[in-house]
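Visitor: First the structure, then my questions, so here it is.
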């Protein structure tokens with residue numbers, strides 16, 4: 001969940017092959033964790049995804065792609081695209097996987113399974129239809145942030161913070 005206003009210059013390229021590798025990994029590991037009722041799998045994957053979202057250069061999934069991608073016949077498919085939306089989506093997915101594993105460990109396996117299945121379904125949607133729901137969330141967040149900084153909105157009294165004290 002990289003901050004949209006990061007002071008560091010943003011990367012301008014995205015490897016679509018790496019994104020597909022990540023999505024297949026998410027589907028496979030999460031499904032395996034749910035099938036085996038092994039909450040450590042979604043917990044570990046969720047942590048790896050959050051690390052990759054916050055520090056893309058240290059991403060365990062990126063490292064796995066670099067080690068295994070060529071062996072699996074994957075070739076880089078690099079496009080000129082800001083990857084921050086994908087990092088945000090990865091952070092959202094990682095958060096849900098952490099919640100899935102935690103819920104299962106806390107004695108709520110149905111909740112854990114539902115959260116894990118939600119992540120799987122969204123990853124499959126991204127793979128099959130190229131609809132990245134986490135990316136859409138990121139763009140909506142940016143849109144709302146721009147709207148909040150619009151002077152017209154600051155003039156509306158119901159949007160101003162209330163100040164306690166005597167009123168004239």
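Visitor: Residues that are exposed (fewer than 14 other Cβ atoms within 10 Å of the Cβ), within 19 Å of residue 37 (Cα to Cα) and out of contact with any strand residue (DSSP E or B) (no Cβ under 7 Å at 6 or more places or on another chain): does the range 122-135 have at least one?
Guide: Looking only at the range 122-135, we keep the residues that are exposed (fewer than 14 other Cβ atoms within 10 Å of the Cβ), and these are 128-131.
Subsequent filtering for residues that are within 19 Å of residue 37 (Cα to Cα) retains none.
No: zero hits.
Visitor: Being surrounded by 14 or more Cβ atoms within 10 Å (Cβ to Cβ), without any contact (Cβ under 8 Å) to a residue 12 or more places away in the chain and at negative phi: is that true of residue 85 here?
Guide: It is false that residue 85 is surrounded by 14 or more Cβ atoms within 10 Å (Cβ to Cβ), without any contact (Cβ under 8 Å) to a residue 12 or more places away in the chain and at negative phi.
Visitor: Looking only at residues in the range 59-85 that are part of a helix (DSSP H, G or I) and out of contact with any helix residue (DSSP H, G or I) (no Cβ under 6 Å at 6 or more places or on another chain), which one is farthest from residue 17 (Cα to Cα)?
Guide: That would be 84.
Visitor: Scanning for something modelled with pLDDT of 95 or more, under 20 Å from residue 139 (Cα atoms) and buried (at least 17 other Cβ atoms within 10 Å of the Cβ), does the range 98-117 turn up at least one residue? If you could, list the steps in order and put the result at the bottom.
Guide: Initial filter on the range 98-117 (modelled with pLDDT of 95 or more): 98-117.
Now narrow it down to the ones that are under 20 Å from residue 139 (Cα atoms): none.
Within the range 98-117, none of the residues are modelled with pLDDT of 95 or more, under 20 Å from residue 139 (Cα atoms) and buried (at least 17 other Cβ atoms within 10 Å of the Cβ).
Visitor: Quick test for you: out of 122, 117, pick the one residue that is assigned to a helix (DSSP H, G or I) and within 14 Å of the chain's Cα centre (by Cα). Steps first, answer last, please.
Guide: Values: 117 fails: within 14 Å of the chain's Cα centre (by Cα).
Of the residues listed, the single one that is assigned to a helix (DSSP H, G or I) and within 14 Å of the chain's Cα centre (by Cα) is 122.
Visitor: Which residues, counting only those in the range 2-28, are surrounded by fewer than 19 Cβ atoms within 10 Å (Cβ to Cβ) and either under 16 Å from residue 49 (Cβ atoms) or modelled with pLDDT of 95 or more (or both)?
Guide: Filtering the range 2-28 for residues surrounded by fewer than 19 Cβ atoms within 10 Å (Cβ to Cβ) gives 3-13, 16-17, 20, 24, 27-28.
Of everything in the range 2-28, those that are surrounded by fewer than 19 Cβ atoms within 10 Å (Cβ to Cβ) and either under 16 Å from residue 49 (Cβ atoms) or modelled with pLDDT of 95 or more (or both) turn out to be 16, 17, 20, 24, 27, 28.
Visitor: Just name the residue that is surrounded by the fewest Cβ atoms within 10 Å (Cβ to Cβ) out of those in the range 43-81 that are touching a residue at least 12 places away in the same chain (Cβ under 8 Å), more than 27 Å from residue 113 (Cα to Cα) and under 19 Å from the mean Cα position of the chain (by Cα).
Guide: 81
Visitor: Now for a different question. What are the pairs, 6+ residues apart or on separate chains, where a residue within the range 98-114 that is at negative phi and without any contact (Cβ under 8 Å) to a residue 12 or more places away in the chain has its Cβ under 6 Å from a residue that is surrounded by fewer than 17 Cβ atoms within 10 Å (Cβ to Cβ) and part of a helix (DSSP H, G or I)?
Guide: Once the first residue is at negative phi and without any contact (Cβ under 8 Å) to a residue 12 or more places away in the chain and sits in the range 98-114, no partner that is surrounded by fewer than 17 Cβ atoms within 10 Å (Cβ to Cβ) and part of a helix (DSSP H, G or I) comes close enough.
The values are calculated or read from the model by the stated rules, or taken from the named source; none is laboratory data. Keep in mind it's a predicted model, so treat the numbers as computed, not measured. Don't worry about glycine lacking a Cβ; one is built from the backbone with ideal geometry, like all the others, and counts go over all protein chains shown.
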